[in-house]
Amino acid sequence: MGTFVVNASNVATASDASLTNPAISSISPDGKKSFYLETFGCQMNAHDSEKVSGVLLGRGYRAVENPAQADLVLYNTCSIREKAAQKVFARLGDWKTVANGKIIGVLGCLAQQEGEEIFERAPWVSLVCGSASYRKLPELLAQLEAGGRRVTGLDLDTDETFETEITRRDNLIRAYITIIEGCDYSCSYCVVPHTRGPERSRASDAVLAEAQRLADAGYTEIQLLGQTVNSYRDPSTRKWRFVDLLRAVAAVQGIRRVRFTTSHPNDFNHEIVHAIDETPALCDHVHLPVQSGSDRVLRAMRRTYTREEYLQKIEWIRAAKRPISITSDIIVGFPGETEADFEDTLTLLDAVQYDTIFSFTYSPRPNTSAKDMPDAVPEEEKSKRLAALNERQRQIQIANNEKLVGATFEVLVDAHHAARGQWTGRSTSNRLINFTSTRENLLGEYVSVRVTRGGPNCIGGEHVL
Ligand code: SAM
Ligand code: SF4
């Protein structure tokens, strides 16, 4: 475990009135300081925000919905693509002239990536803290309370991020548990190893204890999280592999559904499919990002598998006793990607028949080896390929969802749309299902839904009573 860094070089002295932060001591009418937290990016970020909220609530802050009413305004950021980073700087720009003594803080991947540069670009920001340092937020805030103007928490090599005393759960249906942090792969396009640091797994007993606490609190669905969740290696003497942990979490009393994301194809093995087959609580869904269907591009991306190896793993999944839905991430327009390479990605879609894909145009990122690769694909061509990819996948989804008409799914209900008179939920295969029911108060219930119509992105049905 590494050491935590509080950047003391620019901590002001009490006599330097122009550098102090008056807002941190401004107390709201109820006697509590308030915070506003906005999250950008993936599920890991969403769950990190739950931990940050927990840390702040535990320290006596109260959450507010409107940033204008907050003493502390925090952005938990994403830097995976350039657009995500731009969005955060645009948000920060909103405060340029109206910060009014508020504490403005940047958390997460962009904080880790840009570090103190953020103070240069947005001098009204006073807190920059990467995801590995959230437990130290009280310490950083104390630095600000003591008159500090700018503090940073940018240590990466720590596993302290796993354990927080309180985690505020924003999602009342699905609870997240981080089992592995960081990433030891070095995909040439990806900032994650730089922003989240090396891979660190969480001890299995801590994971199981959290799963049991969640079950006791009424959660029935758990999602295990990690950038490469299936490369999990228990650091405790049990030395469990991912599949052992998966089976153990599924056996926790009260847990009915266990999901996991994101699996790296290289670490995806037959045993995971067996475990899903044998354990009803393990959801029949695998998210297995392929990124490209071309071996040439996969090599340049440093993905460590070939198209054929990937397709072999898809075959294992397809050979399971129960149907398992498969989803993926795909990048188009990687440097040097030719028309023929792109065609390989399209034929891969046909071969796999994904339930859904998350598709992106390649975005060059700082601190990645692909950033300066030659043969950049023009933006216009990237967009064209993205549209073609999405259209091909849309046709696949329409055809496959059509085949589901008449089937019955168990749905965990997570929303009600009063205006449409519809309920929404997910099947164990993670299919989004809208349905009608004559019953009320279905939120959080498991119900049977018969599919009455397909569609490209979700399916419709009716509650079977
Ligand atoms: N760890 C996961 C894996 O190995 O597949 C991916 C995590 S990443 C947060 C989510 C997705 O963002 C990736 O699967 C990839 O498709 C996409 N992505 C990452 N870097 C990108 C870049 N520079 N440009 C475009 N898309 C990118
Ligand atoms: Fe990024 Fe590759 Fe690690 Fe996934 S496996 S987080 S894409 S470096």
Problem - Taking only Cα atoms of the range 78-156, radius of gyration then Dmax in Å - result: 12.1, 36
Completion exercise
Note to self: C-alpha centroids of the range 380-455 and the range 78-154 sit apart, in Å, by 38
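Hey, what did the chain get for relative contact order, percent, Cα under 8 Å, at least 6 apart?
10
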Problem - Normalised contact order of the range 364-430, rounded percent, pairs of Cα under 8 Å and 6 or more residues apart - result: 17
Problem - Length-normalised contact order for the range 249-402 - Cα pairs under 8 Å, 6+ apart - percent - result: 21
Problem - Total charge dipole magnitude, the range 309-383, about the Cα centre, Cβ charges on Lys, Arg, Asp, Glu only, Debye to nearest 20 - result: 640
Practice task
Go through the range 182-240 and name the trypsin sites (Lys or Arg not before Pro) that are in a DSSP coil and have 10 or fewer other Cβ atoms within 10 Å of their Cβ.
Solution key: Lys239
Completion exercise
One checks the Cα atoms of the chain and finds Rg and Dmax, in Å, of 23.3, 74
Exercise for the section: Determine how many Å³ per residue the convex hull of the Cα atoms of the range 296-358 encloses. Expected result: 80
Handout entry: Listed residue (Val451, Thr347, Gln223) projecting farthest to the positive dipole end of the chain, Cβ model
Key = Val451
Completion exercise
The FRET efficiency for Ile398 and Gln86, from their Cβ-Cβ distance with R0 = 30 Å and rounded to 0.05, is 0.35
Handout entry: DSSP loop GluC sites (Glu not before Pro) with at most 12 other Cβ within 10 Å excluded, longest remaining stretch of the chain
Key = 166-439
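About the Cα centre of the chain, how large is the charge dipole given +1 on each Lys and Arg Cβ and -1 on each Asp and Glu Cβ? Please answer in debye to the nearest 20.
Charge dipole, the chain, about its Cα centre: 760 debye, nearest 20.
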Problem - Tilt relative to the chain, helix 204-216 - C-alpha long axis, 0 to 90 degrees, to 10 - result: 80
Practice task
Counting only heavy atoms of the protein chains, get the accessible area per residue of the range 349-393 (1.4 Å probe) and round it to a whole Å² value.
Solution key: 54
Handout entry: Any cysteine of the chain lacking a neighbouring Cys Cβ under 4.7 Å - listed by number
Key = Cys42, Cys78, Cys109, Cys129, Cys183, Cys283, Cys458
Completion exercise
Rounded to the nearest 10 degrees, the helix 82-93 long axis (Cα) sits at an angle to the longest Cα principal axis of the chain of 30
Completion exercise
Checking the range 313-396 for trypsin sites (Lys or Arg not before Pro) in a loop per DSSP with at most 11 other beta-carbon atoms within 10 Å yields Lys321
Practice task
Select from the range 43-137 those trypsin sites (Lys or Arg not before Pro) which occupy a DSSP coil region and have at most 14 other Cβ atoms within 10 Å, ordered by residue number.
Solution key: Lys96
Problem - Simple label model, 7 Å out from Cα along Cβ direction - Lys321 to Glu410, nm - result: 1.5
Completion exercise
The answer for the range 273-328, accessible area per residue at 1.4 Å probe in Å², is 42
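Decide, for the range 351-465, between rounded, prolate and oblate: order the square roots of the alpha carbon gyration tensor eigenvalues as a ≥ b ≥ c, take rounded if a/c falls under 1.5, and otherwise choose prolate if a/b is larger than b/c, else oblate.
prolate
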Completion exercise
Heavy-atom accessible area per residue of the range 85-193, all protein chains kept, 1.4 Å probe, expressed in Å², is 37
Fill in the blank from the handout: Rounded to a whole %, the carbon-and-sulfur portion of the accessible area of the range 118-242 at a 1.4 Å probe is 47
Problem - Structure-based [θ]222 nm, the chain - -39500 (n - 2.57) summed over DSSP H runs of at least 4, per residue, nearest 500 - result: -9000 deg cm²/dmol
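The values are calculated or read from the model by the stated rules, or taken from the named source; none is laboratory data. These numbers come from a predicted model, not from an experiment. Every residue, glycine among them, receives a Cβ derived from its backbone with ideal geometry; neighbour counts consider all protein chains shown. These accessible areas exclude ligands, DNA and RNA; they are computed on the full protein's heavy atoms, side chains included. Shrake-Rupley method; radii C 1.70, N 1.55, O 1.52, S 1.80 Å.
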